[in-house]
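Take a look at the structure set out below.
The values are calculated or read from the model by the stated rules, or taken from the named source; none is laboratory data. Only a predicted model underlies this, so the values are computations on that prediction, with no experimental measurement involved. Methodologically, a virtual Cβ is constructed for each residue, glycine included, from the backbone with ideal geometry; neighbour enumeration extends over all protein chains shown.
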Amino acid sequence: MAENTNTPESDTQAAAPQTHVAPGPHLSDRKLSTRRMMVDVIIGLLPVTVAAVIMFRRYALLQLAVAIGGCLAAEALFACMRKRRPTLGDCSAIVTGMILALSLPWNTPVYVGLIAAFIAIGIGKMVFGGVGYNLFNPAMVGRAFVMLAFAGAVGAPAYVEAGDVGELRDKMPWLESLGAMPAQYAEAPDGGADTVSAATPMTAKKMKDAGEEGGFLTKFKNLAVGNTIGSLGEVSAIACLLGGLYLCLRRTASWEIPAGAIGAVVILGGIGNLMDPSSGWTVLDDLAGGALLFGAFFIVTDPVTSPLTPKGKLIFGVLFGALVMLLRGYSNYPEGVMFAVLMVNAIAPLLNRWTVPKPLGGPAPIPVK
Amino acid sequence: MAMATTTPTSGKRTFRHGIHPPERKGLAADAVIEVLPTPARVKIPLLQHIGAPCSARTKPRQEVALGETIGQADAFVSAPVHASITGTTAMPSAVTIPNGRHMQAIPIKAADAQELAGKALLKDILGGDWPTSGLSQHSPEAIVEAVRAAGLVGLGGAGFPTHVKLRRNDDKPIDTVLVNGCECEPYLTADYRMMVEAPGPVVSGAMLAAHACGARNVVIAVEDNKPLAIDTLGKAAKGTDVGIVELRTKYPQGGEKQTVQAALGRTIPGGGLPLDVGVVVVNVGTAASIARAVLRGKPLTHRVVTVTGHGIVKPRNVLAPIGVTYGELIDFAGGLKDGAARIIAGGPMMGFTIGSRDYPVTKGTSGITVLTEDDVAKARETHCVRCGRCVDACPMNLVPSRLALASRNKQWDIAKRYHAFSCVECGCCAYVCPASIPLVQLIRLGKAQMPREEKKA
């Protein structure tokens, strides 16, 4: 808003300070800013990031560096192309980079990480007009692109084949001492360690459900603590909860979304449990396994791509949880967080429209002039 | 602090959403009400209320006495205006009041001899005995007529003529008079000083208002950041049926929809008035003026104005004649400090900045807040990231960011779908917005433009 400058007309005080005319309110809460919210998300992501670095050491650091660097570079480049001042200061590119890195497997090739970062910022965010205008979560757009285009490098097969037991042992000898080798986290009551593949918990479950050789279920303890292999951020349920609760307490993430998502998974997983009590896979495994908590606390809570109204947020969270369960159970992918995020993002505007809150005392009539 | 006589009410003592801005009432909270020395001249606007303007009743160069009617109200929803000093009138001239309206005003040049000034004036207006019994000897009609003739309007700022609210209406019976002592705007302390220094007329006036409109309950609502006021009112109300309810401090509790919700647990329907739920809400200053009008037959000629803010040398609460300029009040409070950036008529949340020190004080002027560059510093506007903080802050349960965007893009169908006309313009949304978007300003613009555009189409 333009401020009109007016000198107070006064004959009693010649040297009065110059005062301005401006619209109210004349005070504002300066503790809040977009940048502060983004910094909150970075703080919230720290436990997960630390867990990833403990598990994957230099591979995790490399992925983070590539994705964050790529996102910042892409932001600067696209802002220049649009002849705008690059908005690197709001830290949103760093958040996108962190989420992207944490959603990739440890062995993603550098060029794939870079492409994902550029797609995330360029196609996911800047073509819509930059921060605040994008329809889909940028990090998920970037990941979806490389998942499909570079399926061999990061797609589902990568989680299995690249994680062949021998290769894991060669490249990350420390996994053994963390108890994070597939053979160590597999619950294999009938088979030995040699029938266990180097799969992530979700892939291994999918394989077992399909009756494939090498499939197995994972011990809950490992899912909770995070000493399994998988995408960098999907390993530790406890770390996700820790950072997620911080975000909810700071009200940077709306509690309604993770509450809805977890509620939906508990109900659907519970029904599955009751229908097949002997499967050995419980609701708790549904919650702690894969990227569900990471997605529920850090990805779908992105305010830009989630609804505005409390009721809309709850429905949004429930839909996300339900879609994850549907994709896990019936799609060809072992995990469904990424597609679930993109799908619920698409209906967020519709949810806004459906859940316009009723004003206090009901809507006021429109005055006739 | 001992709990004063507290009436059990069904309210939850608070309302949903809202914000906690810095209160900063300490600047002027302990400054006792002082009387402004009679100014050399005043300019009394002929429209200081919601409704029809008054017509001038005096001729230029006519001698008028303090309290004489100089503008008469010809319509029902209107209120007369009175001379606030003794002196000689001049040709009516145009003035601007802080909300930007231009109107006719009658200037009065002060006579050398004023019958009431200084301590005597203060005593006449707030001092003396204020009975709390035997008030039923005044008939309801007589009370309403006295209030009308005294030119009473809501002193909280809205300025709705009080006699219209007090008149009995058989279709909508009133059971409760709620005296609003919330004063939720930061900085302002005029109502607080009134409750502390003159609780007598507040209690008497509230009882007279209840008698006029046939209400059985009288409740004074005060926020819990004013324990001294709760205490003094409790003492003044001893032996009466007047209840005092302590509300949990939050902005905008003083908005009548929020006060009624918090104190009585009743929800005023959208676009409706408190009388739709059987309530009449009057400000504490108005209540005191009702007592003065009915018991002493005196019109509304003066009001307490808080002159405060970090941009003021010596913050004060001033009993000032209506029509005196803002500049004179600022000078009385020691003038502006270096770094003063905005002079605001009212408080910092809903007040208007004034462009000239020559604007006159009106019946609705509760304070003059002078903010410094530091107070008003604001980050550059950035894009909305749809964080929803405005939704969590809006006491009317609206979606301010959506409304503001609709206004900016002139999408009136969206503005209507999101209930733009339910907005009370309290400013909570703009206060919390992390992107520093002038949300309430945009919504206000939209509300003003929308029907006009509709008509054109």
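The table below gives the values:
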read-out	value
Among residues of the stretch B:209-226, those that are over 21 Å from B:S10 (Cβ atoms) and over 21 Å from the mean Cα position of the chain (by Cα), counted	2
Qualifying residue in the stretch A:322-329 (condition: within 10 Å of A:S254 (Cα to Cα) and outside any loop (DSSP other than H, G, I, E, B))	no
Sole exception among (1) part of a loop (DSSP other than H, G, I, E, B); (2) among the aliphatic types (A, V, I, L, M); (3) within 8 Å of chain A (Cβ to nearest Cβ); (4) within 23 Å of A:A22 (Cα to Cα) for B:M396, by number	(4)
Residue that is closer than 14 Å to B:V284 by Cβ, assigned to a helix (DSSP H, G or I) and not basic (K, R), where the choices are B:A229, B:A221, B:A262, B:A210	B:A229
Flag if B:I437 is more than 9 Å from every other protein chain (Cβ to nearest Cβ), out of contact with any Lys or Arg (no Cβ under 8 Å at 6 or more places or on another chain) and part of a loop (DSSP other than H, G, I, E, B)	yes
Considering residues of the stretch B:13-54 that are part of a loop (DSSP other than H, G, I, E, B), more than 14 Å from chain A (Cβ to nearest Cβ) and among the charged types (D, E, K, R) only, the residue farthest from B:I244 (Cα to Cα)	B:D30
Scope the stretch A:134-151; condition at pLDDT below 90 and closer than 18 Å to A:L64 by Cα; matching residues	A:M147
Subset of the stretch A:184-221 that is part of a helix (DSSP H, G or I) and modelled with pLDDT under 75 - its residue that is surrounded by the fewest Cβ atoms within 10 Å (Cβ to Cβ)	A:D194
Of the criteria (1) more than 12 Å from chain B (Cβ to nearest Cβ); (2) over 25 Å from A:P47 (Cβ atoms), which one A:V324 fails	(2)
Candidates B:G311, B:G334, filtered to the one that is at the interface with chain A (Cβ under 9 Å from one of its Cβ atoms) and either over 30 Å from A:N134 (Cβ atoms) or touching a Lys or Arg at 6+ places or on another chain (Cβ under 9 Å) (or both)	B:G311
Top-ranked residue of the stretch B:233-254 - restricted to ones that are part of a loop (DSSP other than H, G, I, E, B) and out of contact with any strand residue (DSSP E or B) (no Cβ under 9 Å at 6 or more places or on another chain), ranked as surrounded by the fewest Cβ atoms within 10 Å (Cβ to Cβ)	B:G239
Residues satisfying the stated conditions in the stretch B:345-368, i.e. more than 14 Å from the chain's Cα centre (by Cα) and either more than 7 Å from chain A (Cβ to nearest Cβ) or assigned to a strand (DSSP E or B) (or both)	B:T353, B:I354, B:Y359, B:P360
Within the stretch B:35-50, tally of residues that are under 24 Å from B:G156 (Cβ atoms) and surrounded by 18 or more Cβ atoms within 10 Å (Cβ to Cβ)	10
Unique residue being surrounded by fewer than 24 Cβ atoms within 10 Å (Cβ to Cβ) and either without any contact (Cβ under 8 Å) to a residue 24 or more places away in the chain or assigned to a helix (DSSP H, G or I) (or both) when the list is B:L319, B:L329	B:L329
Of residues in the stretch A:122-153 being buried (at least 23 other Cβ atoms within 10 Å of the Cβ) and among the β-branched types (V, I, T), the one nearest to the other protein chains (Cβ to nearest Cβ)	A:V131
From B:V391, B:V385, residue being at the interface with another protein chain (Cβ under 9 Å from one of its Cβ atoms), out of contact with any Lys or Arg (no Cβ under 8 Å at 6 or more places or on another chain), assigned to a helix (DSSP H, G or I) and among the β-branched types (V, I, T)	B:V391
Matching residues, the stretch B:263-315, being basic (K, R) and within 23 Å of B:Q72 (Cβ to Cβ)	B:R292, B:R296, B:K298, B:R303
Near pairs, Cβ below 9 angstrom, 6+ apart or cross-chain, from the stretch B:172-199 (within 14 Å of chain A (Cβ to nearest Cβ)) to any residue that is among the aromatic types (F, W, Y)	B:C184/B:Y251; B:E185/B:Y251; B:P186/B:Y251
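The rows are residues; the columns are (1) at pLDDT 95 or above; (2) assigned to a helix (DSSP H, G or I).
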position	(1), (2)
A:G70	yes, yes
A:E75	no, yes
A:F78	no, yes
A:T108	no, no
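One line per residue, one yes/no per condition, for (1) under 17 Å from A:H20 (Cβ atoms); (2) in the same structural domain as B:K257 (by TED's automatic domain parsing); (3) touching a Leu at 6+ places or on another chain (Cβ under 8 Å):
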| position | (1), (2), (3) |
| --- | --- |
| B:R342 | yes, yes, yes |
| B:I354 | yes, yes, no |
| B:H383 | no, no, no |
| B:C426 | no, no, no |
| B:L439 | no, no, yes |
